[in-house]
């Protein structure tokens, strides 16, 4: 596989176009990594709409953050599929693309975990190095709010076309965070702390710290893949009745209006 030149991505429209290509590739190959690509596209479109509506403090800076954020995902995707080295956290998430035992939400959260806990902090520090990082905090929180709202939208969208999701959500009684042992709010707080740390480090220090972040993010991904106890029972129950047509589910995530 030839590596895509992600430096050619210069604006949010370029990001969306590249995501469309990844989504199509995943539909054709029935690879479940396409679930996150479809969610990521929705997130990117939502950020673009937010910039257009002046919902961010600095729209131009937010677009640069979105581009830096996306390039990390695309670089990891390309390296993985070219059998080259990529971060352990992304390798873990991409390996799950052929895992038939995970539910759709687990696949989504594997991507979200890596993108927030690893990529977002690195991208933020690159766009706002040094003391500039402080001014980014409000917009940083807003982009995480977009991610969190879209996860809720996806659960609702899947519930509309797949009735057991609604029933099992009621059975779980609001314990979704506990079910998968993952909280976007906690991830956001950790990611911001890491962004501040990275923004005030030299390149050597950053490399060592990013390695530590990658290790921790991969461990969190392992927890999303294999939770125990009540969570494991609920997930097995959901998986038994989920659709097996991966391309169909990708299209639902990509296009369902909530």
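The values are calculated or read from the model by the stated rules, or taken from the named source; none is laboratory data. Since this is a predicted model, take the numbers as computed values, not measurements. Please note: Cβ atoms are built from the backbone with ideal geometry, for glycine as well, and neighbour counts cover all protein chains shown.
Scanning segment 71-79 for residues that are out of contact with any strand residue (DSSP E or B) (no Cβ under 8 Å at 6 or more places or on another chain) and surrounded by fewer than 18 Cβ atoms within 10 Å (Cβ to Cβ) turns up nothing.
Taking the stated definitions as given, is residue 138 farther than 30 Å from residue 226 by Cα, surrounded by fewer than 23 Cβ atoms within 10 Å (Cβ to Cβ), more than 15 Å from the chain's Cα centre (by Cα) and in contact (Cβ under 8 Å) with a residue 40 or more places away in the chain? Taking the combined requirement at face value, the residue satisfies it.
With respect to residue 57, is the statement that it is surrounded by fewer than 16 Cβ atoms within 10 Å (Cβ to Cβ), under 28 Å from residue 137 (Cα atoms) and either in contact with a helix residue (DSSP H, G or I) (Cβ under 7 Å, 6 or more places away or on another chain) or without any contact (Cβ under 8 Å) to a residue 12 or more places away in the chain (or both) true? Yes: the conditions hold for residue 57. With the condition kept exactly as written, say whether any residue in segment 92-110 is over 14 Å from the mean Cα position of the chain (by Cα), in a helix (DSSP H, G or I) and either free of Cβ contacts under 8 Å to residues at least 60 places away in the same chain or over 19 Å from residue 221 (Cβ atoms) (or both). Yes, there is a match, as at least one residue in segment 92-110 is over 14 Å from the mean Cα position of the chain (by Cα), in a helix (DSSP H, G or I) and either free of Cβ contacts under 8 Å to residues at least 60 places away in the same chain or over 19 Å from residue 221 (Cβ atoms) (or both). Counting only helices (runs of 4 or more DSSP H) that fall entirely inside segment 153-258 and contain at least 1 residues that are closer than 30 Å to residue 135 by Cβ and either over 18 Å from the mean Cα position of the chain (by Cα) or at pLDDT below 85 (or both), the qualifying elements are 184-199, 203-225. For segment 67-80, state whether one or more residues are assigned to a loop (DSSP other than H, G, I, E, B), in contact (Cβ under 8 Å) with a residue 12 or more places away in the chain and closer than 23 Å to residue 185 by Cβ. Within segment 67-80, none of the residues are assigned to a loop (DSSP other than H, G, I, E, B), in contact (Cβ under 8 Å) with a residue 12 or more places away in the chain and closer than 23 Å to residue 185 by Cβ.
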